[in-house]
1. Can you tell me which residue is nearest to the chain's Cα centre (by Cα) among those in segment 478-493 that are closer than 14 Å to residue 213 by Cα and in a helix (DSSP H, G or I)?
2. Hey, does segment 270-277 have a residue that's under 22 Å from the mean Cα position of the chain (by Cα) and either part of a helix (DSSP H, G or I) or in contact (Cβ under 8 Å) with a residue 60 or more places away in the chain (or both)?
3. Residues in segment 297-311: is at least one open to solvent by less than 20 Å² (accessible area, probe 1.4 Å) and at positive phi?
4. Of the numbered conditions (1) farther than 28 Å from residue 34 by Cβ; (2) in contact (Cβ under 8 Å) with a residue 60 or more places away in the chain; (3) part of a loop (DSSP other than H, G, I, E, B), residue 451 fails exactly one; give the number of that condition.
5. Just to be sure I understand, how many residues within segment 122-148 are open to solvent by 10 Å² or more (accessible area, probe 1.4 Å), of a type in the set (Ser, Thr, Tyr) and over 20 Å from residue 58 (Cβ atoms)?
6. Any residue at all in segment 204-218 that's more than 12 Å from the ligand (Cβ to nearest atom), open to solvent by 40 Å² or more (accessible area, probe 1.4 Å) and not in a helix (DSSP H, G or I)?
7. Within segment 95-106, identify whether any single residue is more than 20 Å from residue 158 (Cα to Cα) and open to solvent by 20 Å² or more (accessible area, probe 1.4 Å), and answer yes or no.
Amino acid sequence: MTLQVERVDEVVTALRTVLADDQILTSRADRLNRSRVPAPFPVHRWAERMPDLAVLPTSTEQVAGVVRIANELRVPVVPRDGGTGLTDGAVPLRGGIVVDVKRMNQVKEIDLENRTATVGAGTSMLKLNEQLAVHGLIYPDDPASYPCSLVGGRIGTSGWSLIGSRYGHTRDLVLSFDHVLPTGEVLHVGDGVGQKISKSSSGYQLKHLFMGHQGTLGIATEATLKLYPKPEAELSPFWAFDDYDAAYRCVGALARAGVATFAGAVLFDEWKVAYLRRDDEAYIPQPRDVRALVCAVLYGYEDEVRVGGKRLFRIAREHGARYLGDEISEGDWAARHDRYATPLHGRTKDGQVIPMSWHCEDAAVSYTRVPAVSRAWHAIVADLRRQSDVFDDWGMFAYTSADTGVDYLTEIDVGIWEQQLDDRAWELWVRAKRDIAAAALAHDGSISACHGSCREGEVDLVPYELGRGFDVMLDVKRAVDPNNIMNPGKYLLDRAYRTEEAP
Ligand SMILES: Cc1cc2nc3c(=O)[nH]c(=O)nc-3n(C[C@H](O)[C@H](O)[C@H](O)COP(=O)(O)OP(=O)(O)OC[C@H]3O[C@@H](n4cnc5c(N)ncnc54)[C@H](O)[C@@H]3O)c2cc1C
């Protein structure tokens, strides 16, 4: 605990004015369950990130009441939803109150005429889509964490979607939301005075500001989302290549083709294919000469997907692709939500199998820079591996972010033997993370396309990425959260509260 026991008692007493007893959790197990996210962290230090208590509000009014009390008592508040974030956003660095919004999971309205759904921040996209399917509709925010990340966390991270090249990403799909400011006031964020406007030119565009802030500017409680017709057809051809360069040229050509049903393309590099062949029991075996893979995905009506698919097949053939058949094409794409963490093991340099957790470092990189960033990242992980058996290179994916193929979510997957992550190994990892971020920036990219960039190592370079914009970020933080209660310690935002420069 970071608060004295008496202070915790004082906070609990105050919270009882807005919450019932069963909405206030103080047991060690309840707190420990909310001290972690999947990103590996040294086991001997897990207790450092425990909140003092957690609360389970069920309405915007309750969230506002909790935050108002926390602001008055100057107690840190950390929003938490699915807890799947990979940049430690939902992990409390200063104790305080975790506001777990999972019980705010009601679908409040499905508006068939305006094609919107209004839902609580704790709503799962998977569960929402079960209800929408009855109406032939879909909410197409489709991260690899689709079964376990929730709408509020998607807003808190400004998430990236696997089919975003067709439907857009979280920032495009969330029309508006109710948001509790760090003072406990409630703000409606979005265009227009209602909930269902997708484009306005009136005033500052606050929607982007209040998304992707990792809980440092408040808590989203209820959101209105954009809906689409549920696609009649899905086509996800997988093609094999003898080398990475051919696969890279092909993915670029597919993404640039301008096919309207194109929802995304994925490039698997040689390390990724070798790793899957070596250690992923779920992977359908490939001929030995397959060195790199490309998958393209099309969504839409049967007839338009058929025509678009023909065009992409022709482009792939012109680039020397070999079609891998329907079984791997349909099976692998269908498994996109559960294949990430499944292997649960990696190898030491000598080939010994060891238990490992998955970690993914991501960046946004423009197409022409992807090969150079890939080479730099593999060299960083190879160096890490030379120094310690705690790390394994599980290869890279590059996914299109946009329908024109301009930029890619570029990710390197690193196996980490979390139980052996001692202080030295952690230091090596933090340094490697910083180098990985620096390589993305050296190639005019962004530290993250997907997860955010407030974890140790990468966060040091955020002021460099944003330049003068980082000072504006500090000014905004100070103005919106005068007492630094929202998720303190994240994104170097404590600098907003320095009264004088350190000597
Ligand atoms: C296997 C796996 C695959 C993944 N694949 C993807 C992917 O394809 N695309 C992608 O974008 N991400 C992916 N991620 C990362 C993660 O799922 C996303 O960042 C997701 O958006 C986090 O949602 P969550 O509900 O789990 O949020 P949490 O982890 O609970 O929170 C994330 C951040 O948002 C803040 N937050 C939570 N709730 C709120 C709220 N109501 N209001 C304001 N802030 C809030 C938290 O404080 C934290 O900073 C993956 C993670 C895993 C484990």
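The values are calculated or read from the model by the stated rules, or taken from the named source; none is laboratory data. It should be emphasised that the depicted structure is a prediction, and the values quoted were computed from it without experimental measurement. Heads up, the Cβs are rebuilt from the backbone with ideal geometry, glycines too, and the neighbour counts pull from every protein chain shown. The accessibility values were calculated without ligands, DNA or RNA, using every heavy atom of the protein model including side chains. Shrake-Rupley method; radii C 1.70, N 1.55, O 1.52, S 1.80 Å.
1. 493
2. yes
3. yes
4. (1)
5. Residues flagged as open to solvent by 10 Å² or more (accessible area, probe 1.4 Å), of a type in the set (Ser, Thr, Tyr) and over 20 Å from residue 58 (Cβ atoms) within segment 122-148 amount to 2.
6. So far as segment 204-218 goes, yes, one or more of its residues are more than 12 Å from the ligand (Cβ to nearest atom), open to solvent by 40 Å² or more (accessible area, probe 1.4 Å) and not in a helix (DSSP H, G or I).
7. Scanning segment 95-106, I find at least one residue that is more than 20 Å from residue 158 (Cα to Cα) and open to solvent by 20 Å² or more (accessible area, probe 1.4 Å), so the answer is yes.
Yes/no per residue for (1) among the charged types (D, E, K, R); (2) under 20 Å from the mean Cα position of the chain (by Cα); (3) more than 28 Å from residue 7 (Cβ to Cβ):
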{"residue": "90", "(1), (2), (3)": "no, yes, no"}
{"residue": "93", "(1), (2), (3)": "no, yes, no"}
{"residue": "99", "(1), (2), (3)": "no, yes, no"}
{"residue": "106", "(1), (2), (3)": "no, no, yes"}
{"residue": "110", "(1), (2), (3)": "no, no, yes"}
{"residue": "113", "(1), (2), (3)": "yes, no, yes"}
{"residue": "117", "(1), (2), (3)": "no, no, yes"}
{"residue": "128", "(1), (2), (3)": "no, yes, yes"}
{"residue": "135", "(1), (2), (3)": "no, no, yes"}
